[in-house]
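Okay, so here's the structure we're looking at.
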Amino acid sequence: MNPVDFLKTIYLGDRSCKAILIYSWDELVKLQVDEISRVRSSSGQWEFYNDENIEDGFLVFEEVQSISFKPENFLPNDYINDIEVHKLEGSKYCRFVLYIGSIGQDRHPTEIEICITAANMRLENKQGHNVP
């Protein structure tokens, strides 16, 4: 499934970023989420479906070409507010844009924009197994 359609099968409302792992030599970026739900309804909405929830699962970005954080100097450690995916014309790559909150020691919230250019995206459970 292409990344644009695949992202429509994932629900991350009220879910938080626990970790970001960068595997440079493998061209992988893994974003750990406290819980990932799947969207399986014909309406395209989550509808509180929890049968396939993945606790402490990972969004895995493959064949990563670049990653950037704006603004710099903040740790993404709060809610995942949104994820966008844009197919790069004439390329196998997509630009994934994640908007994730950061709460610093001063308790002041900041939204971080993480841009990842990658060929694909998939899910893993906390044991490192792919989730269809």
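The values are calculated or read from the model by the stated rules, or taken from the named source; none is laboratory data. These figures come from a predicted structure and were not determined experimentally. Every residue, glycine as well, gets a Cβ built from its backbone with ideal geometry; the counts of neighbours run over all protein chains shown. Each accessible area value is taken on the protein alone, full model and side chains, heavy atoms only, with ligands, DNA and RNA left out. Shrake-Rupley method; radii C 1.70, N 1.55, O 1.52, S 1.80 Å.
Some notes on this structure:
- Accessible surface for Lys87 stands near 120 Å², nearest 10, in the context of the full protein assembly shown (1.4 Å probe).
- Per residue, region 54-132 exposes 57 Å² of accessible surface when a 1.4 Å probe is rolled over the protein heavy atoms with every protein chain present.
- Net length gained if the chain between Trp46 and Thr110 were fully extended (0.36 nm per residue, minus Cα distance): 20.4 nm
- Cα gyration tensor shape of region 1-54, rounded if a/c is under 1.5, else prolate or oblate by comparing a/b with b/c: oblate
- Here the Karplus relation 6.51 cos²θ - 1.76 cosθ + 1.60, evaluated at θ = phi - 60°, turns the backbone of region 92-105 into coupling constants of 7, 8, 10, 10, 9, 10, 10, 10, 10, x, 9, 10, x, 4 Hz, with x for every Gly and Pro.
- Taking a ≥ b ≥ c as the square roots of the eigenvalues of the alpha carbon gyration tensor, region 80-132 is oblate, as a/c is not under 1.5 and a/b does not beat b/c.
- The chain - percent of accessible surface contributed by carbon and sulfur, probe 1.4 Å: 48
- Net +/- balance of residues flanking Tyr99 in space, Cβ distance below 13 Å, scoring K and R +1, D and E -1: -3
- Largest accessible area first, the residues Met121, Met1 order themselves as Met1, Met121 under a 1.4 Å probe with ligands, DNA and RNA left out.
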